[in-house]
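K.L.:
Structure provided below as structure tokens; questions to follow.
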Amino acid sequence: MKLYAQERRRFPDPAQSLDLQGIVAIGGDLSVEALLEAYSFGIFPWPHQGFPCLWYCPPQRGVLDFNDLHLSRTLSRWLKKTDLQVTFNQDFKAVIEACSQVPRPGQEGTWITPSLKKAYIAFHQAGYAHSAECWKEGQLVGGLYGVYVGGVFSAESMFYLEDNASKLALLSWIELLKDHGLTWIDIQMVTPHLQQMGGKLISRDRFLKRIEVSRQKCRPLPF
């Protein structure tokens, strides 16, 4: 399995976006090959109703450096006593389905469309998309899915049915990635919760330099 695509064939230079929002390309398919190339160069798909597939590399990118990770006292106490169990890649389909049903403030519907779900399930089966699942008494109560390409983990979406379950999924990913030498993750957008945990925005140029460095020393995860 390739760890990343070595050259751009489908996409233009992500540093040269088409507009101020960071649209890099319009249209094309959501094949495994297209997604692999996109993530290898800092690009991700973000469907909008009524438009062909839009591919983005925003002028500012959300990242979470593990050295900046901050846990509130309340969350730290909860982590010590929670009985939730965490697994990886045990039910990717259920996690992405649950994420697609999360209401988003100011949005109608979901950007996780049926075609996007199908594409990421194929990407998971190819070894690039991964999930963390949080379980309570055998029931899925939270989770996160993301993409690992070129030594960078890009968190895509989270959900929770129990308080803090999505945060537990994220923190479990961070611990796994730290164990394998990673020092940061791509969070794309910085929500208030992620900002409280240490997330921040960096420029596109800085982000693209980061992923270039990561590609040079990347290695597979143990799945």
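K.L.:
Considering only the range 179-197, state which residues are touching an Asp or Glu at 6+ places or on another chain (Cβ under 8 Å) and crowded, with 18+ Cβ neighbours inside 10 Å.
P.N.:
Here is the first cut: in the range 179-197, the residues touching an Asp or Glu at 6+ places or on another chain (Cβ under 8 Å) are 183-184, 188.
Result: TRP184, GLN188.
K.L.:
A further question follows. Identify, please: which residue in the range 125-163 is β-branched (Val, Ile, Thr) and within 22 Å of ARG61 (Cβ to Cβ) and is, among those, surrounded by the fewest Cβ atoms within 10 Å (Cβ to Cβ)? It would help to see each step written out before you state the result.
P.N.:
As a first pass, look at the range 125-163 and keep what is β-branched (Val, Ile, Thr): 141, 147, 149, 152.
Applying the additional criterion that residues be within 22 Å of ARG61 (Cβ to Cβ) yields 147, 149, 152.
Numbers: VAL147: 22, VAL149: 26, VAL152: 25.
This residue is VAL147.
K.L.:
Quick check on the range 110-118. Is at least one of its residues surrounded by fewer than 20 Cβ atoms within 10 Å (Cβ to Cβ), within 16 Å of TYR39 (Cβ to Cβ) and touching a Phe, Trp or Tyr at 6+ places or on another chain (Cβ under 8 Å)?
P.N.:
No, the range 110-118 contains no residue that is surrounded by fewer than 20 Cβ atoms within 10 Å (Cβ to Cβ), within 16 Å of TYR39 (Cβ to Cβ) and touching a Phe, Trp or Tyr at 6+ places or on another chain (Cβ under 8 Å).
K.L.:
Just checking: which of the strands (runs of 3 or more DSSP E) contained wholly in the range 149-223 hold 3 or more residues that are of a type in the set (Ser, Thr, Tyr), under 13 Å from the mean Cα position of the chain (by Cα) and farther than 20 Å from ALA15 by Cβ?
P.N.:
On the way: elements: 152-160, 184-188, 200-203.
So the answer is none; nothing clears 3.
K.L.:
I would also like to ask the following. Looking only at the range 1-55, count how many residues are hydroxyl-bearing (Ser, Thr, Tyr) and closer than 19 Å to ARG204 by Cα.
P.N.:
Going through the range 1-55, the residues hydroxyl-bearing (Ser, Thr, Tyr) turn out to be 4, 17, 31, 39-40.
Cutting the leftovers down to closer than 19 Å to ARG204 by Cα gives us 17, 39-40.
Qualifying residue count for the region: 3.
K.L.:
Quickly run through the range 24-52 and pick out the residues that are out of contact with any Asp or Glu (no Cβ under 9 Å at 6 or more places or on another chain) and over 24 Å from SER214 (Cβ atoms).
P.N.:
Residues satisfying the conditions are ILE26, GLY27, GLY28, ASP29, PRO47, HIS48, GLY50, PHE51, PRO52.
K.L.:
Checking LEU176 against (1) under 16 Å from THR87 (Cα atoms); (2) buried (at least 19 other Cβ atoms within 10 Å of the Cβ), which single condition isn't satisfied?
P.N.:
With respect to (1) under 16 Å from THR87 (Cα atoms); (2) buried (at least 19 other Cβ atoms within 10 Å of the Cβ), LEU176 is out only on (2).
K.L.:
Determine if the range 201-221 includes at least one residue that is over 19 Å from PHE159 (Cβ atoms), hydroxyl-bearing (Ser, Thr, Tyr) and either surrounded by 18 or more Cβ atoms within 10 Å (Cβ to Cβ) or touching a Cys at 6+ places or on another chain (Cβ under 7 Å) (or both). So that I can check it myself, show each step before the final result.
P.N.:
To start, the set of residues in the range 201-221 that are over 19 Å from PHE159 (Cβ atoms) comprises 201-221.
With the extra rule that they be hydroxyl-bearing (Ser, Thr, Tyr), the set shrinks to 203, 214.
Still in the list and also either surrounded by 18 or more Cβ atoms within 10 Å (Cβ to Cβ) or touching a Cys at 6+ places or on another chain (Cβ under 7 Å) (or both): 214.
Yes: the range 201-221 contains one or more residues that are over 19 Å from PHE159 (Cβ atoms), hydroxyl-bearing (Ser, Thr, Tyr) and either surrounded by 18 or more Cβ atoms within 10 Å (Cβ to Cβ) or touching a Cys at 6+ places or on another chain (Cβ under 7 Å) (or both).
K.L.:
Tell me which residues, restricted to the range 197-223, are more than 20 Å from ASP68 (Cβ to Cβ), basic (Lys, Arg) and touching a strand residue (DSSP E or B) at 6+ places or on another chain (Cβ under 9 Å).
P.N.:
ARG215
Let's see how each residue does on (1) touching a Phe, Trp or Tyr at 6+ places or on another chain (Cβ under 7 Å); (2) among the aliphatic types (A, V, I, L, M); (3) surrounded by 14 or more Cβ atoms within 10 Å (Cβ to Cβ):
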site: ARG9; (1), (2), (3): no, no, no
site: ASP13; (1), (2), (3): no, no, no
site: PHE41; (1), (2), (3): yes, no, yes
site: CYS57; (1), (2), (3): no, no, yes
site: VAL63; (1), (2), (3): yes, yes, yes
site: THR74; (1), (2), (3): no, no, no
site: VAL95; (1), (2), (3): yes, yes, yes
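Let's see how each residue does on (1) within 13 Å of TYR39 (Cβ to Cβ); (2) modelled with pLDDT of 95 or more:
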site: GLU156; (1), (2): yes, yes
site: PHE159; (1), (2): no, yes
site: ASP186; (1), (2): yes, yes
site: THR191; (1), (2): no, no
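K.L.:
Where in the range 51-147 are the helices (runs of 4 or more DSSP H), entirely inside, with at least 3 residues that are of a type in the set (D, E, K, R)?
P.N.:
Working: elements: 73-81, 92-100, 114-125.
Of the helices (runs of 4 or more DSSP H) lying wholly inside the range 51-147, those with at least 3 residues that are of a type in the set (D, E, K, R) span 73-81.
The values are calculated or read from the model by the stated rules, or taken from the named source; none is laboratory data. This structure is a prediction, so every number in the text was calculated from the model and none was measured. When we count neighbours, we look across all protein chains shown, and the Cβ atoms used for this are built from the backbone with ideal geometry, even at glycine.
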